[in-house]
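Chemist: Take this structure, written in structure tokens, and hold onto it; I'll ask about it next.
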Amino acid sequence: MSFFETPWGLLVIGFAASSFWRAAGAVLSGRIEIDTPLFDWCVCVTQALVGGLMVRAILLPSTALAEVPLGDRVLACAIGVSVFLLMRWRVMPGVAAGTASLVALIVWRGV
Amino acid sequence: MADPSDGEDRGRSGFLLGLRDSIGVPVVGPIAALTGYGVMAREAGLDLLLTLVSVATIWAMPVLMAFAELTASGGSPILVLVTLLAIGFRNLPMSLSAIPMIRRKPGFRWNQILLAQLLSPMSWVQITVFGRQLEPAKRLPYYVGFSLVVLAAGLFGAWIGFTLTLGLPPAVGLSLLLLTPLFVTLMMATSPKLSSRLALVFGGIGVPVCMQWHSELGLIIGGFVFGTLGFLAARMRDRLGGSGT
């Protein structure tokens with residue numbers, strides 16, 4: 001068995017695979033200045049990508065969150081977003097309200 | 001002549017500000033998320049040291065989960081490399097758009113590769129949204145302080161998941177899994193740029209749909225298409241006489 005077939009060898013491969021794109025992004029970013037349309041576009045692409053992942057993590061989770069009914073997850077997020085908007089775009093109250101609502105819904109349903 | 005201690009003070013205050021801002025949701029989120037990874041790694045047969053080193057080195061939840069799964073199933077090195085390269089692609093645009101915010105001088109420096117290694121969605125959103133409000137000299141130390149605490153929180157979460165059986169009430173444990181996506185989404189919504197907010201809305205709707213078609217390709221294509229759509233929509237609004245991009 002070669003080193004790369006052991007768990008530690010696979011970790012070296014995992015590290016290389018994960019770091020490759022980070023390093024490529026860092027190298028390519030050397031050609032980009034902030035407050036330019038190209039930079040704005042890069043931020044937009046990342047915003048869409050990360051935003052999509054986050055929405056998916058709520059609506060179609062691969063974690064234990066999937067045990068919670070979809071309606072409860074959506075309702076808790078709607079409460080969180082409503083509080084966020086009512087409190088003039090303050091993030092912490094929105095997150096606290098959303099998370100607390102989900103705790104209450106889970107306890108209420110006995111999931 | 002500029003006083004060098006002035007730069008040091010700015011660096012220190014930026015670092016301390018980053019530490020301060022990381023306390024709260026930015027710390028609880030990774031603890032909750034990585035607790036799940038700790039449990040998964042233990043069940044996959046990884047030892048504690050390997051689990052913690054994997055968090056510190058890979059530092060990307062989807063890649064970590066695939067790593068644990070592939071290690072447990074005895075995946076070949078080539079399969080692991082190709083799969084993790086495909087999953088890890090999402091780190092490229094994150095790194096591409098975060099590094100220009102924190103670098104001190106234009107152009108590429110080798111230490112930026114190390115800085116990119118600390119990136120997570122939490123630190124990305126913090127530096128690209130909140131970082132704009134900081135003076136440029138404070139952004140790098142701020143990012144380092146913030147990211148190190150988030151990384152430490154992730155390691156702590158993985159340790160908890162690996163060593164402690166889940167003693168949390170199920171309702172709290174499940175709700176903590178909502179914390180990170182909700183926090184990151186709301187933080188992104190506070191972006192001062194209309195183009196970014198539109199990209200978030202379009203991506204939030206379109207990317208999960210694309211991922212139903214193909215989980216990895218859908219993410220990449222959806223990110224490019226809907227991000228570009230947000231960018232173009234904001235520019236079109238500008239041309240029609242609006243403002244705010």
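Chemist: Just to be sure I understand, how many residues within region A:33-49 are at pLDDT below 85 and either of a type in the set (A, V, I, L, M, F, W, C) or closer than 19 Å to B:Met122 by Cβ (or both)?
Modeler: 1
Chemist: While we're here: Within region B:60-68, does at least one residue satisfy the condition of being more than 7 Å from every other protein chain (Cβ to nearest Cβ), out of contact with any Pro (no Cβ under 9 Å at 6 or more places or on another chain) and aromatic (Phe, Trp, Tyr)?
Modeler: Scanning region B:60-68 turns up no residue that is more than 7 Å from every other protein chain (Cβ to nearest Cβ), out of contact with any Pro (no Cβ under 9 Å at 6 or more places or on another chain) and aromatic (Phe, Trp, Tyr).
Chemist: Residue by residue through region B:38-54, note down the ones that are touching a helix residue (DSSP H, G or I) at 6+ places or on another chain (Cβ under 9 Å), surrounded by fewer than 24 Cβ atoms within 10 Å (Cβ to Cβ) and part of a helix (DSSP H, G or I).
Modeler: Residues satisfying the conditions are B:Val39, B:Met40, B:Arg42, B:Glu43, B:Leu48, B:Leu50, B:Leu52, B:Val53.
Chemist: Being closer than 18 Å to B:Ser191 by Cα and more than 7 Å from chain B (Cβ to nearest Cβ): is that true of A:Val91 here?
Modeler: Against the criterion (closer than 18 Å to B:Ser191 by Cα and more than 7 Å from chain B (Cβ to nearest Cβ)), A:Val91 does not qualify.
Chemist: Does region A:67-103 hold any residues that are surrounded by fewer than 15 Cβ atoms within 10 Å (Cβ to Cβ), under 15 Å from B:Leu174 (Cα atoms) and of a type in the set (A, V, I, L, M, F, W, C), and which are they?
Modeler: A:Leu70, A:Val74
Yes/no per residue for (1) facing another protein chain (nearest Cβ under 7 Å); (2) closer than 21 Å to B:Leu200 by Cβ:
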{"site": "A:Ala23", "(1), (2)": "yes, no"}
{"site": "A:Phe39", "(1), (2)": "yes, yes"}
{"site": "A:Thr46", "(1), (2)": "yes, yes"}
{"site": "A:Gly51", "(1), (2)": "yes, yes"}
{"site": "A:Ala76", "(1), (2)": "yes, yes"}
{"site": "A:Val81", "(1), (2)": "no, yes"}
{"site": "A:Met87", "(1), (2)": "no, yes"}
{"site": "A:Leu102", "(1), (2)": "yes, no"}
{"site": "A:Leu105", "(1), (2)": "no, no"}
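Chemist: Separate question: Among A:Val81, A:Val55, A:Val74, which is within 25 Å of B:Ile221 (Cβ to Cβ), of a type in the set (Val, Ile, Thr) and at pLDDT 90 or above?
Modeler: Just one listed residue meets the conditions, A:Val55.
Chemist: Please state which of the following conditions B:Pro192 fails to meet, knowing it meets all the rest: (1) in a helix (DSSP H, G or I); (2) over 30 Å from B:Ala68 (Cα atoms).
Modeler: With (1) in a helix (DSSP H, G or I); (2) over 30 Å from B:Ala68 (Cα atoms) applied to B:Pro192, the lone miss is (1).
Chemist: Would you confirm whether or not region A:65-73 contains a residue that is closer than 22 Å to B:Met65 by Cβ and either more than 9 Å from chain B (Cβ to nearest Cβ) or in contact (Cβ under 8 Å) with a residue 60 or more places away in the chain (or both)?
Modeler: yes
The values are calculated or read from the model by the stated rules, or taken from the named source; none is laboratory data. These numbers were taken from a predicted model, which means no experiment stands behind them. Using ideal geometry, Cβ is built from the backbone for each residue, glycine included, and neighbour counts are taken over all protein chains shown.
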